[in-house]
Amino acid sequence: AVDKIRAAGLLRTRGLIGGQWVDAYDGKTTEVQNPATGEVLANVACMGNRETADAITSANTTFYTWSKLTASERSKALRKWHDLLMSHKEELALLMTLEQGKPMKEALGEVNYGASFIEFFAEEAKRVYGDIIPPTLADRRLLVLKQPIGVVGAITPWNFPLAMITRKVGPALACGCTVVVKPSEFTPLTALAAADLALQAGIPAGALNVVMGNAPEIGGELMQSTQVRKITFTGSTAVGKKLMAGSANTVKKVSLELGGNAPCIVFDDADIDVAVKGSLAAKFRNSGQTCVCANRILVQEGIYEKFASAFVKAVQSLQVGNGLEESTSQGPLINEAAVEKGANIMLGGKRHSLGMSFYEPTVVGNVSNDMLLFREEVFGPVAPLIPFKTEEEAIHLANDTNAGLAAYMFTKSIARSWRVSEALEYGLVGVNEGLISTEVAPFGGVKQSGLGREGSKYGMDDYLEIKYVCMGNL
Ligand code: ADP
């Protein structure tokens with residue numbers, strides 16, 4: 001399968017600095033493995049401080065030309081990149097399944113989703129409007145300009161190898177910023193293939209750079225640089241906090257998409273089929289490895305038994321296997337370290353007979369808020385069911401966490417959906433729907449789930465500075 005990617009010219013193993021594909025300066029490489037088989041897919045450059053410094057310099061130089069283009073010129077290049085991503089959909093999806101493990105169907109979905117950010121922000125590029133403010137003195141005119149912030153450092157995770165990059169790089173380039181991307185060490189190949197297509201699309205050398213390897217070194221270099229004006233990160237809360245602290249010294253703008261602990265509340269008045277289907281999708285997408293995955297399924301007592309048995313039945317129908325096989329709905333976890341222990345098991349609860357990092361889709365009943373399973377983000381195919389009595393109790397349990405990214409609820413009552421949506425301390429809420437992410441809506445968390453929003457018209461703000469110009473003595 002790797003040969004298919006190679007034949008398409010998309011198997012890139014070196015970093016991208018100033019439009020050149022470069023090896024690590026000391027020649028070091030690291031292996032990229034297929035989590036379903038353990039096969040080594042490629043050896044990629046393992047970079048550090050020095051390569052990152054050069055990538056920053058190149059991004060900084062290019063900023064002065066890229067940001068001076070018209071919005072329409074930047075838009076055209078982005079549009080072309082989108083078209084190339086879409087015309088290489090099969091190869092990109094295959095590459096993603098090989099290095100990340102997700103089923104081909106989900107991988108194809110991610111290429112569409114990832115490319116949609118480039119298309120959307122190609123359009124938004126043309127809509128960076130300023131303001132004219134009525135003055136307080138007759139001989140003055142007050143203007144507001146929006147300008148690109150400068151060089152952006154983007155650090156991304158492995159669970160969405162393409163989309164987490166495009167939803168940062170799309171708005172950044174659209175605004176006129178230039179970028180140094182550091183993809184996850186587990187999934188650099190998709191990132192490099194996408195960058196190759198960006199070059200082919202006419203995104204200029206130096207506008208998009210990719211370095212990978214030693215994460216603390218690369219992150220450290222990005223943080224200490226005065227040329228890097230913004231850090232945007234998706235990943236664990238622990239690393240996000242480090243990056244925020246590390247950005248303090250140079251007072252960078254910071255956007256963070258961190259861990260969630262999503263509640264999925266099933267009320268007595270829910271449509272049971274919709275609730276089972278929606279919570280299944282919210283929980284088991286990408287084998288539970290997304291930050292918006294339902295982490296705690298709260299079920300009202302009147303519907304608990306009925307929901308639990310229908311849910312267990314639905315989970316039993318999930319097919320675990322290599323993502324390349326048509327029948328697979330659950331791929332492996334990203335690596336063996338991700339395989340967790342469970343308790344009070346209704347279904348599953350152990351490694352799958354396929355071995356490697358395959359884990360059985362698991363349902364755990366009667367979980368309560370003093371258990372670790374309630375407190376921590378599982379990031380795997382384990383669904384805890386938590387019984388509750390009243391709406392107030394459900395809201396209290398749902399908000400009883402430091403995280404605040406996605407929340408879901410199932411109810412037929414319009415009044416309740418308003419009440420509960422407003423009471424939930426979360427950045428996104430799905431009502432009777434388990435899959436809600438789209439490029440046209442804002443994505444981001446409150447509390448310790450993060451800062452800033454990605455996607456939608458709001459996604460541009462994170463890459464823009466506001467400048468006030470006062471023209472006096474007119
Ligand atoms: P996940 O659990 O999703 O892998 P991580 O936060 O560990 O989350 O990883 C997300 C990204 O952050 C990856 O690209 C990883 O290499 C990077 N990363 C990890 N540690 C650091 C660090 N100290 N500085 C900068 N980036 C880091």
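The values are calculated or read from the model by the stated rules, or taken from the named source; none is laboratory data. Computed from a predicted model, the values in this text were never measured in an experiment. Glycine also receives a Cβ, built like all others from the backbone with ideal geometry; neighbour counts cover every protein chain displayed.
Checking GLU326 against (1) in contact (Cβ under 8 Å) with a residue 24 or more places away in the chain; (2) in contact with an Asp or Glu (Cβ under 8 Å, 6 or more places away or on another chain); (3) farther than 21 Å from ASN261 by Cβ: exactly one of these is not met. Which one?
The single condition GLU326 does not satisfy is (2).
Can you go through ALA191, ALA163, ALA238, ALA154 and tell me which one is free of Cβ contacts under 8 Å to residues at least 24 places away in the same chain, within 14 Å of the ligand (Cβ to nearest atom) and over 18 Å from ARG50 (Cβ atoms)?
ALA238
Residues of segment 34-49 being surrounded by fewer than 19 Cβ atoms within 10 Å (Cβ to Cβ) and over 19 Å from LYS182 (Cβ atoms), which ones? Spell out how you get there, then give the answer.
First pass over segment 34-49, keeping only residues surrounded by fewer than 19 Cβ atoms within 10 Å (Cβ to Cβ): 37-40, 43, 49.
Within segment 34-49, THR37, GLY38, GLU39, VAL40 qualify.
So that you can scan it fast, the table gives a plain yes or no per residue for (1) surrounded by fewer than 24 Cβ atoms within 10 Å (Cβ to Cβ); (2) farther than 30 Å from CYS175 by Cβ; (3) in contact with a strand residue (DSSP E or B) (Cβ under 9 Å, 6 or more places away or on another chain):
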| site | (1), (2), (3) |
| --- | --- |
| PRO384 | no, yes, yes |
| PHE388 | yes, yes, yes |
| GLU392 | yes, yes, no |
| ASN402 | yes, yes, no |
| VAL429 | yes, no, yes |
| GLU433 | yes, yes, yes |
| LYS447 | yes, no, no |
| GLY450 | no, no, yes |
| GLU454 | no, no, yes |
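Given the conditions (1) assigned to a helix (DSSP H, G or I); (2) in contact with a helix residue (DSSP H, G or I) (Cβ under 7 Å, 6 or more places away or on another chain); (3) of a type in the set (D, E, K, R); (4) farther than 30 Å from ILE149 by Cα, report the number of the one that LYS105 does not fulfil.
Against the list (1) assigned to a helix (DSSP H, G or I); (2) in contact with a helix residue (DSSP H, G or I) (Cβ under 7 Å, 6 or more places away or on another chain); (3) of a type in the set (D, E, K, R); (4) farther than 30 Å from ILE149 by Cα, LYS105 comes up short only on (2).
Can you name every residue in segment 170-188 that is more than 10 Å from the ligand (Cβ to nearest atom), touching a helix residue (DSSP H, G or I) at 6+ places or on another chain (Cβ under 8 Å) and of a type outside the set (S, T, N, Q)? Walk me through how you get there before you give the answer.
Let us first name the residues in segment 170-188 that are more than 10 Å from the ligand (Cβ to nearest atom), namely 170-180.
Retained after the next criterion (residues that are touching a helix residue (DSSP H, G or I) at 6+ places or on another chain (Cβ under 8 Å)): 170-171, 173-180.
Those that are more than 10 Å from the ligand (Cβ to nearest atom), touching a helix residue (DSSP H, G or I) at 6+ places or on another chain (Cβ under 8 Å) and of a type outside the set (S, T, N, Q): GLY170, PRO171, LEU173, ALA174, CYS175, GLY176, CYS177, VAL179, VAL180.
Just one of ALA441, ALA415 is among the small types (Gly, Ala, Ser), assigned to a loop (DSSP other than H, G, I, E, B), surrounded by fewer than 24 Cβ atoms within 10 Å (Cβ to Cβ) and at pLDDT 95 or above; which is it? Give the derivation first.
Details: ALA415 fails: assigned to a loop (DSSP other than H, G, I, E, B).
Checking each option against the conditions leaves just ALA441.
Mind checking whether some residue in segment 225-237 is charged (D, E, K, R) and either under 27 Å from LEU85 (Cα atoms) or in contact with a Leu (Cβ under 7 Å, 6 or more places away or on another chain) (or both)? Let's see the steps before the verdict.
Filtering segment 225-237 for residues charged (D, E, K, R) gives 229-230.
After this cut, where a residue has to be either under 27 Å from LEU85 (Cα atoms) or in contact with a Leu (Cβ under 7 Å, 6 or more places away or on another chain) (or both) as well, the list is 230.
Checked segment 225-237: at least one residue is charged (D, E, K, R) and either under 27 Å from LEU85 (Cα atoms) or in contact with a Leu (Cβ under 7 Å, 6 or more places away or on another chain) (or both).
If ALA270 satisfies all but one of (1) within 30 Å of ASN432 (Cα to Cα); (2) over 20 Å from the mean Cα position of the chain (by Cα); (3) in a strand (DSSP E or B), what's the number of the condition it fails?
(3)
Results for (1) at negative phi; (2) not small (Gly, Ala, Ser), shown as yes or no for each residue.
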position: ALA314; (1), (2): yes, no
position: ASN322; (1), (2): yes, yes
position: THR328; (1), (2): yes, yes
position: ASN366; (1), (2): no, yes
position: TYR408; (1), (2): yes, yes
position: TRP418; (1), (2): yes, yes
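Please enumerate the residues belonging to segment 418-428 that are within 25 Å of GLU257 (Cα to Cα) and either without any contact (Cβ under 8 Å) to a residue 60 or more places away in the chain or not in a helix (DSSP H, G or I) (or both). Can you show your working first?
Of segment 418-428, the ones within 25 Å of GLU257 (Cα to Cα) are 420-428.
Of everything in segment 418-428, those that are within 25 Å of GLU257 (Cα to Cα) and either without any contact (Cβ under 8 Å) to a residue 60 or more places away in the chain or not in a helix (DSSP H, G or I) (or both) turn out to be SER421, GLU422, ALA423, LEU424, GLU425, TYR426, GLY427, LEU428.
Any chance segment 376-399 includes a residue that's at pLDDT below 95, β-branched (Val, Ile, Thr), touching a Cys at 6+ places or on another chain (Cβ under 9 Å) and within 20 Å of PHE311 (Cα to Cα)?
Yes, because at least one residue in segment 376-399 is at pLDDT below 95, β-branched (Val, Ile, Thr), touching a Cys at 6+ places or on another chain (Cβ under 9 Å) and within 20 Å of PHE311 (Cα to Cα).
Select from segment 255-272 the residues that are at pLDDT 95 or above and touching a Gly at 6+ places or on another chain (Cβ under 7 Å) and write down the one among them that is farthest from the ligand (Cβ to nearest atom).
Applying the filter and picking the extreme gives ASP268.
Every residue in segment 1-60 that is among the acidic types (Asp, Glu), modelled with pLDDT of 95 or more and not in a loop (DSSP other than H, G, I, E, B), please.
Matches in segment 1-60: GLU31, GLU51, ASP54.
In segment 398-415, how many residues are more than 20 Å from SER368 (Cα to Cα) and β-branched (Val, Ile, Thr)?
2
To keep it simple, each residue is scored yes or no on (1) among the hydroxyl-bearing types (Ser, Thr, Tyr); (2) out of contact with any Lys or Arg (no Cβ under 9 Å at 6 or more places or on another chain); (3) more than 19 Å from ASN112 (Cα to Cα).
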residue	(1), (2), (3)
VAL169	no, yes, no
ALA172	no, no, yes
VAL181	no, no, yes
ALA193	no, no, no
ASP196	no, no, no
GLY202	no, no, yes
VAL211	no, no, yes
PRO216	no, no, yes
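Is it the case, given these coordinates, that PRO387 is within 23 Å of PHE284 (Cβ to Cβ) and touching a Phe, Trp or Tyr at 6+ places or on another chain (Cβ under 9 Å)? Walk me through how you get there before you give the answer.
Details: within 23 Å of PHE284 (Cβ to Cβ): yes; touching a Phe, Trp or Tyr at 6+ places or on another chain (Cβ under 9 Å): yes.
Yes; evaluated as a whole, the condition is true for this residue.
If we scan segment 246-254, do we find a residue that is crowded, with 24+ Cβ neighbours inside 10 Å and within 11 Å of the ligand (Cβ to nearest atom)?
Looking through segment 246-254, none of the residues is crowded, with 24+ Cβ neighbours inside 10 Å and within 11 Å of the ligand (Cβ to nearest atom).
Just wondering, is there one or more residues in segment 276-291 that are touching a residue at least 60 places away in the same chain (Cβ under 8 Å), aliphatic (A, V, I, L, M) and not in a helix (DSSP H, G or I)?
Keep residues of segment 276-291 that are touching a residue at least 60 places away in the same chain (Cβ under 8 Å), which gives 277-291.
Of the ones still in play, those that are also aliphatic (A, V, I, L, M) are 280-282.
Narrowing further to those that are not in a helix (DSSP H, G or I): none.
No: zero hits.
Across segment 2-33, what is the number of residues that are farther than 19 Å from ALA59 by Cα and either surrounded by 14 or more Cβ atoms within 10 Å (Cβ to Cβ) or in contact with a His (Cβ under 7 Å, 6 or more places away or on another chain) (or both)?
The number of residues fulfilling the criteria is 13.
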